[in-house]
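K.L.:
Sharing a structure here in structure tokens format.
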Amino acid sequence: NSCCCSFEDYKLTTEWLLNQTSHRPKVAVICGSGLGLLADGAANKQIFRYQDIPNFPVSTVQGHEGCLVFGTIEDTPCVFMQGHFHLYEGYSLCKVTFPVRIFKLMGVETLLVTNASGGICPDFKVGDIMIIKDHINLPGFAGQHPLCGPNDERFGIRFPCMSDAYSKDLRRVALDIGSELGCSDFIREGVYCMVSGPNFETIAEARMLLILGCDSVGMSTVPEVTVAKHCGLRVIGLSLITNKVSLDYSREEKVNHDEVLEIGKMRAEVLQKLVTTLISRCQQQSINTH
Ligand SMILES: O=P(O)(O)O[C@H]1O[C@H](CO)[C@@H](O)[C@H]1O
Ligand SMILES: Nc1nc2[nH]cnc2c(=O)[nH]1
């Protein structure tokens, strides 16, 4: 379970990208299932397919295009991952989180993670956008953790603090933008729980997650956020509630991945507006605090 990538692997990929592009991103955006279109608003785009980037994993899931897109949003240089990686694809957590350390070495300061998740909180509706306030690393409890193995001090310390994983300042900015855009009635805050997948939850599992304090559940994001915090990146997370997780044996609806992607399309426009405004404010905030 220890890391399969050496510092030289990270360096090689970083140097390859720095030689191929003149973009020097400050914000990295990870686009979750069906959310690759978040990159559409960027100008001066330069696109790399994952399969052409040395050491990069490739996307194997529908709704994950498998492209790294460099570009600018207003004046902020950004990089978008159209598709990310999951344990259930058979990747080690070292591979799942590989791009985060590349971003760090390229000079990125802020990571904006997005994903699709199932709503556990009974108040949540399909199409809600949940600003991630905190997470529960369920695979981590069982030893599936991206920081297991020898610690590389060049990235961060052995025992990183995780009590402030999601920037309080950026969460407030995201809430403000939501209200400016007139979306307050479907913007929420909550706790995201990662499970390994690939099956969706049984009803008993969903009930357990509710008792544990989870507001939504998905199969990603937590490893990337953990590695990002370890290496000192600022993190903000948005989770699109694509379905309600069944907590009741009498409910007949059955969740499927097509429905997850469909809700992504439905909320595409507003999510894109939220993300682009957030990126430009992130950068202003970072300038003001330096
Ligand atoms: O977390 P992302 O990849 O956005 O997508 C979520 O949706 C997929 C299942 O439909 C899983 O990959 C789950 O993690
Ligand atoms: N585990 C899990 N992942 C999801 N991704 C989108 N919806 C869901 C869900 O209901 N459960």
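Only the coordinates and a few stated rules stand behind these numbers; no lab work does. What you see is a predicted model; the values in this text were computed from it and never measured. Glycine gets a Cβ as well: all are built from the backbone with ideal geometry, and neighbour counts include every protein chain shown.
K.L.:
Return the lysines within reach of LYS254: Cα separation strictly under 25 angstrom, same-chain partners fewer than 8 residues apart disregarded; answer none if there are no such residues.
P.N.:
Partners found: LYS125, LYS244, LYS265.
K.L.:
To continue, here is another question. Set the Förster distance to 45 Å, then compute FRET efficiency between GLU180 and LYS254 from the Cβ-Cβ distance, nearest 0.05.
P.N.:
0.75
K.L.:
So which lysines pass the test for LYS229, namely a Cα distance under 25 Å, with those fewer than 8 places away in the same chain ruled out?
P.N.:
Hits, sequence-local ones excluded: LYS11, LYS26, LYS95, LYS104, LYS133, LYS168.
K.L.:
Given R₀ = 22 Å, FRET efficiency for THR72-ASN19 by Cβ-Cβ distance, to 0.05?
P.N.:
Numbers: r = 20 Å, r/R0 = 0.89.
So the FRET efficiency works out to roughly 0.65.
K.L.:
Given just the C-alpha atoms of the chain, how large is their convex hull per residue in cubic angstrom?
P.N.:
Enclosed volume per residue, from the Cα hull, is 121 Å³.
K.L.:
Here's a follow-up. Gap in Å between the Cα centre of region 73-146 and the Cα centre of region 245-269?
P.N.:
20
K.L.:
About the Cα centre of the chain, how large is the charge dipole given +1 on each Lys and Arg Cβ and -1 on each Asp and Glu Cβ? Please answer in debye to the nearest 20.
P.N.:
540
K.L.:
Could you check the spin-label model distance between ASN199 and LYS133? Points 7 Å from the Cα along Cα→Cβ, value in nm.
P.N.:
Here the modelled spin labels are 3.1 nm apart.
K.L.:
Separate question: Describe numerically, in nm with one decimal, the distance between label points set 7 Å from Cα along Cα→Cβ at ASP123 and at GLU269.
P.N.:
2.8
K.L.:
Where the centroid of each part is defined by its Cα atoms, how far is region 170-238 from region 8-23 in Å?
P.N.:
30
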